1. Between the stretch 330-374 and the stretch 210-254, what is the C-alpha centre distance in whole Å?
2. Using a 1.4 Å probe, how large is the accessible area of T353, given in Å² and rounded to the nearest 10?
3. Mind checking the dipole of the stretch 304-353: about its Cα centre, +1 per Lys or Arg Cβ, -1 per Asp or Glu Cβ, Debye to the nearest 20?
4. Which FRET efficiency value, to the nearest 0.05, is calculated for H207 and S157 with the Förster distance at 45 angstrom and r the Cβ-Cβ distance?
5. Normalising by the residue count of the chain, find the relative contact order in percent from Cα pairs under 8 Å and 6+ residues apart.
6. Where nothing but the Cβ of Lys and Arg (+1) and of Asp and Glu (-1) is charged, how large is the charge dipole of the chain around its Cα centre, in debye to the nearest 20?
7. Heavy atoms only, 1.4 Å probe, whole protein assembly: order T293, T85 by accessible area, highest first.
8. State, to one decimal in nm, how far the label point of R365 lies from the label point of N234, with both points 7 Å from Cα in the Cβ direction.
Amino acid sequence: MPLNANYGGVLQAYALQRIVRDLGFRPVTDTSRPKPMLKRLRWRLLRHPYRWVRLSMPARADWDWRSWRLVTAPLRVFVARNMKTGSFMEAAGTRRGRARLARRFRTFVVGSDQVWRAAYADIPAQFLDVLEPIEGDRPRRISFAASFGVDDIAEYSDDDRSRAAALIRRFDAVSVREESGVRICHDEFGVRAERHLDPTMLLSAEHYRELVSRTAVDATPAAGRLLIYRLDANDDVSRVERVLGERLGLPSLELLAPWPPSYLAYVSNPAEFVRPSIAYWLASVASAGFVVTDSFHGCAYSILFNRPFVVYANAERGATRFDSLLEVFGLEHHRVGADSPLIDERVFAPDWTRVNRVLDTERVRGLSYLRANL
């Protein structure tokens with residue numbers, strides 16, 4: 001998935017690469033967007049001249065893509081400084097390119113996040129169809145905590161279903177992030193899958209705090225505050241935030257700035273739309289007095305940093321992700337929503353000792369799977 005505008009998406013890619021590296025391998029995260037070579041050539045011929053025209057326009061020109069690039073710059077900076085990346089899959093459209101790919105890499109790992117959700121991803125590409133024409137010994141293929149996002153594959157076309165079923169059977173091992181994913185793999189594709197935590201949770205809280213300490217960011221920006229990390233505003237989320245604010249008596253801190261409606265709006269007041277760096281994002285969750293979020297990774301990091309929290313499960317983005325994660329830790333009562341409007345008193349004093357024991361066990365399982373299958 002693109003590593004540009006999604007904090008959780010960037011962090012799960014970083015975490016998986018770091019874990020694999022710590023296990024003694026030399027990982028590279030591919031950032032290409034696989035497309036047929038002819039389609040890519042046509043896209044470049046048609047789009048690049050237009051881009052140069054836009055770049056030559058005066059700053060007052062209202063190009064939304066300019067503000068998008070500026071707003072998401074902190075995430076791209078983090079990727080550039082902390083990850084090894086490349087666009088190797090794009091070169092696999094030719095026989096020579098495929099041969100080079102097979103020579104350079106012994107194992108291909110798919111995951112995590114919603115890489116197997118048809119609404120977000122190119123399904124054949126995310127099941128490594130590019131490796132199919134490789135001649136001779138094929139590299140190993142595994143997944144780790146790959147997510148379907150939702151509890152079925154109704155979004156798949158008939159062709160997606162048949163291609164995915166054929167391709168996943170060529171994997172040497174399959175790991176998914178949700179229990180519903182285990183069922184989908186069994187019922188839809190006839191393969192056995194293991195469930196593992198999102199890779200962000202395989203790294204320790206101390207690892208992330210060390211990451212923050214290497215920057216100039218304040219380590220406790222949300223201390224004594226109600227941290228709000230909201231992806232989608234709606235009346236139910238606002239109600240939860242209001243109730244918690246009154247219950248806790250804490251000043252609030254909104255972590256995510258609004259998205260600029262246009263480039264003109266951005267240049268008029270860039271400070272209004274500044275998005276935090278990855279380090280500031282991590283430090284905010286780690287130091288929060290209480291977290292309210294509708295984000296999967298906002299929930300995951302609240303657990304990792306042992307911060308009291310509630311999560312509003314965003315059904316459109318995939319509610320099954322929250323259910324599976326909370327169930328692992330026995331924290332189902334931390335979920336709120338239109339169907340469960342009341343806030344359970346237990347959310348204010350979680351049993352972190354029990355939660356951390358589960359986390360230790362899950363880490364051992366995840367790392368054992370990777371050691372055995374890489």
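1. 20
2. Per-residue accessible area (T353): approximately 90 Å².
3. Working: 5 positive and 8 negative charges, 43 e Å.
With only Lys, Arg, Asp and Glu charged at Cβ, the dipole is about 200 debye.
4. Working: r = 40 Å, r/R0 = 0.89.
Result of the calculation: an efficiency of 0.65.
5. Numbers: 570 pairs, mean separation 61.1, N = 374.
Across the chain, relative contact order equals 16 percent.
6. On the way: 55 positive and 45 negative charges, 496 e Å.
Charge dipole of the chain: 2380 debye, to the nearest 20.
7. On the way: T293 5, T85 60 Å².
Most to least solvent-accessible, the answer reads T85, T293.
8. A separation of 3.0 nm, rounded to one decimal place.
The values are calculated or read from the model by the stated rules, or taken from the named source; none is laboratory data. Just so we're clear, the structure is a prediction, and the values are computed from it rather than from any experiment. Note: ideal-geometry Cβ built from the backbone for every residue, glycine included; neighbour counts use all protein chains shown. These area figures cover heavy atoms from the full protein model, side chains too; ligands, DNA and RNA do not enter into them. Shrake-Rupley method; radii C 1.70, N 1.55, O 1.52, S 1.80 Å.
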